[in-house]
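*Asks:* Shown below is the structure under consideration.
The values are calculated or read from the model by the stated rules, or taken from the named source; none is laboratory data. It should be emphasised that the depicted structure is a prediction, and the values quoted were computed from it without experimental measurement. Neighbour counts are summed over all protein chains in view; Cβ atoms, including those assigned to glycine, are modelled from backbone coordinates with ideal geometry. Just so you know, the surface numbers come from the protein's heavy atoms only, side chains and all, with ligands and any DNA or RNA stripped out. Shrake-Rupley method; radii C 1.70, N 1.55, O 1.52, S 1.80 Å.
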Amino acid sequence: QVQLVESGGGLVQPGGSLRLSCAASGRIFSASAMGWYRQAPGKQRTLVARIISGVSTNYGDSVKGRFTISTDNTKNTVYLQMNSLKPEDTAVYYCNFRIDGLSYWGQGTQVTVSS
């Protein structure tokens, strides 16, 4: 079993910053990918950022240069630092781990960017 618990969402003004955290427990040592996705109302869930095999990173085009994904393997935690936030970044953000061909999701954390 793998459990993912996200935290760090909230309300922030445009131009502000937030850091999301995703703490993983269970059999996560063989995770081939860890990342963040987001889903705005009425839209599909899309990739925000991910780390593959602990080495390479991918970012969605709309967040490149503003968001940074990182991990702390000692804490089994993946982070998403979000800077220069825009209203269009408003969404529910989901943590995702891919382990042994299976995909695990957190419960989601709301990020709202508004003045």
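*Asks:* When only DSSP loop residues count, what trypsin sites (Lys or Arg not before Pro) in region 18-102 have their Cβ near at most 16 other Cβ atoms within 10 Å? Can you show the working numbers first?
*Replies:* Numbers: sites: Arg19, Arg27, Arg38, Lys43, Arg45, Arg50, Lys64, Arg66, Lys75, Arg98; in loops: Arg27, Lys43, Arg45, Lys64, Arg66, Lys75.
The qualifying sites are Arg27, Lys43, Arg45, Lys64, Arg66, Lys75.
*Asks:* At a 1.4 Å probe radius, which order do Asp89, Asp100, Asp61 fall into by accessible area, largest first?
*Replies:* Working: Asp89 0, Asp100 105, Asp61 130 Å².
Ranked from most to least accessible, the order is Asp61, Asp100, Asp89.
*Asks:* Nearest 5 percent is fine: what portion of the DSSP beta bridges confined to the chain is antiparallel? Each step should come with its number before you reach the end.
*Replies:* Numbers: 43 of 46 bridges.
Roughly 95 percent of the DSSP beta bridges within the chain come out antiparallel.
*Asks:* Please compute P(r) over all alpha-carbon pairs of region 5-115, binned at 5 Å starting from zero, and give each bin as a whole-number percent.
*Replies:* 2, 13, 25, 26, 18, 10, 4, 1, 0
*Asks:* Let me ask another. Hey, which aspartates and glutamates would be in cross-link range of Lys64, C-alpha to C-alpha under 15 Å, not counting anything within fewer than 8 residues on its own chain?
*Replies:* Glu88, Asp89
*Asks:* In region 25-115, what chymotrypsin sites (Phe, Trp or Tyr not before Pro) fall in a loop by DSSP, with at most 13 other Cβ atoms inside 10 Å? All intermediate terms of the calculation are to be shown ahead of the outcome.
*Replies:* Numbers: sites: Phe29, Trp36, Tyr37, Tyr59, Phe67, Tyr79, Tyr93, Tyr94, Phe97, Tyr104, Trp105; in loops: Phe29.
Qualifying residues, ordered by number: Phe29.
*Asks:* Which FRET efficiency value, to the nearest 0.05, is calculated for Thr71 and Ser115 with the Förster distance at 35 angstrom and r the Cβ-Cβ distance?
*Replies:* Details: r = 32 Å, r/R0 = 0.92.
The value I calculate is 0.60.
*Asks:* How long is the gain from Lys86 to Ser30 if the chain were fully straight, where each residue apart is worth 0.36 nm and the alpha carbon distance is subtracted?
*Replies:* Numbers: separation 56, 0.36 × 56 = 20.16 nm, distance 3.46 nm.
Length gained between Lys86 and Ser30: 16.7 nm.
*Asks:* Something else about it: With a sphere of radius 10 Å drawn around the Cβ of Tyr59, what net charge do the other residues whose Cβ falls strictly inside it have (Lys, Arg +1; Asp, Glu -1)? Let's see the in-between values first.
*Replies:* Values: positive: Arg50, Lys64, Arg66; negative: Asp61.
Around Tyr59, the surrounding residues sum to +2.
*Asks:* Mind checking the full-extension length gain between Leu11 and Lys64? Use 0.36 nm per residue of separation minus the Cα-Cα distance, one decimal, nm.
*Replies:* Details: separation 53, 0.36 × 53 = 19.08 nm, distance 2.13 nm.
This chain segment gains 17.0 nm when fully extended.
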